[in-house]
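The structure that follows is given in the form of structure tokens.
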Amino acid sequence: MMNVEIQIPGVKLGVVEADGVTVAPADAGLVREIDAVCEGLRRKFTIDSLAQSDAVVAVRAMFRRWGIDASKYRPSSEALLRRVVQGKGLYNVSNIVDLSNLSSIETGWPYGVYNRGAIRPPVCLRLGADGETYEGIGRRVWHLAGRPVLADAAGPFGSPISDSTRTHVIEGVSEVLTVIYAPAAASDAAISEAIAKQAQRLSLYAGANEARTSRVG
């Protein structure tokens, strides 16, 4: 099991490692589950009420503890929730990315899903150093100084804002690492439930034959 060290305050992590996955388009069952959750969120929230929801408020507080303006650098979970409430739905990327985005909008917490085979332990969650950058998914270069980053021996590769192309989950990847960025106030039971659901979905929708899970913080 990969160990992830937390070096910044205000956060707990859920970690799921899964082997034997197949990256493919989302199947009909996953699409139905996504559609049902999105419809429920559209009925429950407006953009204004979403901003006052418990999960969004808690994640923004977590960002403030890191010195990050969550309005300027929006948490990935909030960005997804805003899309859904606006009627745009989730992005259609792949089964693994889509199921992770589904879990993120359910909990309201940022999720990162990474190519486990491209990661060089040890791994830590820290603030980016001056001059650190990576090519983000979508080909935008992210300047990481002072921002929360997940880093391995080769440097930063992920963030609760936007992830890098170095550990992007694409066709042919067979091992994935999910990191759930939960606010420190989140209960251990809620994090354990989120971990278990992510592992279950990786098995059901991506064919994972083994999943290892842990909580950190």
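Laboratory data are not the source of any read-out in this text; all were calculated from the coordinates shown. This one's a predicted model, so the numbers in the text were calculated from it and none came from an experiment. Here the Cβ positions follow ideal geometry from the backbone for every residue, glycine too, while neighbour counts run over all protein chains shown.
What is the magnitude of the charge dipole of the chain about its Cα centre, with +1 placed on the Cβ of each Lys and Arg, -1 on the Cβ of each Asp and Glu, and no other charges, expressed in debye to the nearest 20? If you can, show how the numbers build up before the last one.
Working: 24 positive and 23 negative charges, 125 e Å.
Here the size comes out at about 600 debye.
Also, quick follow-up: Report the label-to-label distance for ALA153 and ARG65 in nanometres (one decimal), using points 7 Å from each Cα along the Cα→Cβ vector.
For ALA153 paired with ARG65, the spin-label model returns 3.0 nm.
While we're on this one: How about the range 91-174: which GluC sites (Glu not before Pro) there lie in a loop by DSSP and see at most 12 other Cβ atoms within 10 Å?
Numbers: sites: GLU106, GLU132, GLU135, GLU171; in loops: GLU132, GLU171.
Qualifying residues, ordered by number: GLU171.
Counting each DSSP H run of 4 or more residues in the chain as -39500 (n - 2.57), what helix-only mean residue ellipticity at 222 nm follows after dividing by all residues, to the nearest 500 deg cm²/dmol? Write down the numbers at each step before the final one.
Details: 6 runs with 76 residues, N = 217.
Counting only the DSSP helices, I get -11000 deg cm²/dmol.
Could you derive backbone 3J(HN,Hα) for the range 30-35 from the dihedral phi with the Karplus parameters 6.51, -1.76 and 1.60 (θ = phi - 60°), listing whole Hz in sequence and x where the residue is Gly or Pro?
In residue order, the calculated couplings are 5, 4, 4, 5, 4, 4 Hz.
What are the residues whose amide H is under 5 Å from the amide H of ASP163, where those residues sit 5 or more places off or on another chain and H is modelled from the backbone?
ILE137
Using θ = phi - 60° and the Karplus curve 6.51 cos²θ - 1.76 cosθ + 1.60, what whole-Hz ³J(HN,Hα) does each residue of the range 162-176 get, with Gly and Pro shown as x?
Result, rounded to whole Hz: 7, 9, 9, 6, 4, 10, 4, 7, 10, 4, x, 5, 10, 10, 10.
Out of residues 5 or more away from LYS12 or on other chains, whose amide H comes under 5 Å of its own, with H placed 1.01 Å from N in the peptide plane?
ALA182, ALA184
Quick one: grab the alpha carbon gyration tensor of the range 116-193, order the square roots of its eigenvalues as a ≥ b ≥ c, and give me rounded if a/c is under 1.5, else prolate or oblate depending on whether a/b is larger than b/c. Intermediate results must be reported in sequence, preceding the final value.
Values: a/c = 1.80, a/b = 1.20, b/c = 1.50.
Oblate, because a/c is 1.5 or more while a/b does not exceed b/c.
Okay, moving on. What nm value, rounded to one decimal, do you get for the distance between ALA184 and ALA24 when each label is placed 7 Å out toward the C-beta?
Taking the two extended label points, one gets 4.4 nm.
Further, regarding this structure: Hey, got a sec? Which trypsin sites (Lys or Arg not before Pro) in the range 20-61 land in a DSSP loop and have at most 11 other Cβ atoms within 10 Å? Walk me through the intermediate numbers first.
Details: sites: ARG32, ARG42, ARG43, LYS44, ARG60; in loops: none.
Here no loop site has a sparse enough neighbourhood.
Please state, as a whole number in µm²/s, the translational diffusion coefficient that the Stokes-Einstein equation yields for the chain at 25 °C and 0.890 mPa s, with Rh defined as the Kirkwood radius across alpha carbon pairs. Write down the numbers at each step before the final one.
Numbers: Rh = 17.2 Å.
Value of D from the Cα-based Kirkwood radius: 143 µm²/s.
To continue, here is another question. Considering only C-alpha atoms, what is the centroid distance from the range 26-96 to the range 102-152, in Å?
So the separation of the two Cα centres works out to 18 Å.
Straight-line reach from LYS88: which lysines have Cα under 23 Å away, leaving out those fewer than 8 places along the same chain?
Qualifying lysines at Cα under 23 Å: LYS44, LYS72.
Tell me which trypsin sites (Lys or Arg not before Pro) from the range 125-210 have a DSSP coil assignment and no more than 16 other beta carbons within 10 Å of their own. Display every interim value, and only then the final one.
Values: sites: ARG126, ARG139, ARG140, ARG166, LYS197, ARG201; in loops: ARG139, ARG140, ARG166.
Loop-located and lightly packed - ARG139, ARG140.
If I stretch the segment between VAL57 and ASP130 completely, what's the gain in nm (0.36 nm per residue apart, minus their alpha carbon distance), one decimal? Don't skip to the answer; put the middle values down first.
Numbers: separation 73, 0.36 × 73 = 26.28 nm, distance 2.85 nm.
Between VAL57 and ASP130, full extension yields 23.4 nm more.
Quick check on the range 1-70: take the gyration tensor over C-alpha atoms, sort the square-rooted eigenvalues as a ≥ b ≥ c, and tell me if it's rounded (a/c under 1.5), prolate or oblate.
On the way: a/c = 3.35, a/b = 1.08, b/c = 3.09.
Oblate shape, in that a/c is at least 1.5 and b/c is the bigger or equal ratio.
Here is a follow-up. Karplus couplings for the range 39-56 from phi (6.51 cos²θ - 1.76 cosθ + 1.60, θ = phi - 60°), rounded to Hz, Gly and Pro as x?
4, x, 5, 5, 6, 7, 10, 10, 4, 5, 6, 4, 4, 9, 5, 4, 5, 5
Can you work out the FRET efficiency for the pair ILE170 and ILE6, with r the C-beta to C-beta distance and R0 = 25 Å, to the nearest 0.05?
Values: r = 28 Å, r/R0 = 1.11.
It comes out at approximately 0.35.
Taking 0.36 nm per residue of separation and subtracting the Cα-Cα distance, what length does fully extending GLU193 through ARG42 add?
Values: separation 151, 0.36 × 151 = 54.36 nm, distance 2.34 nm.
Difference between extended and current length: 52.0 nm.
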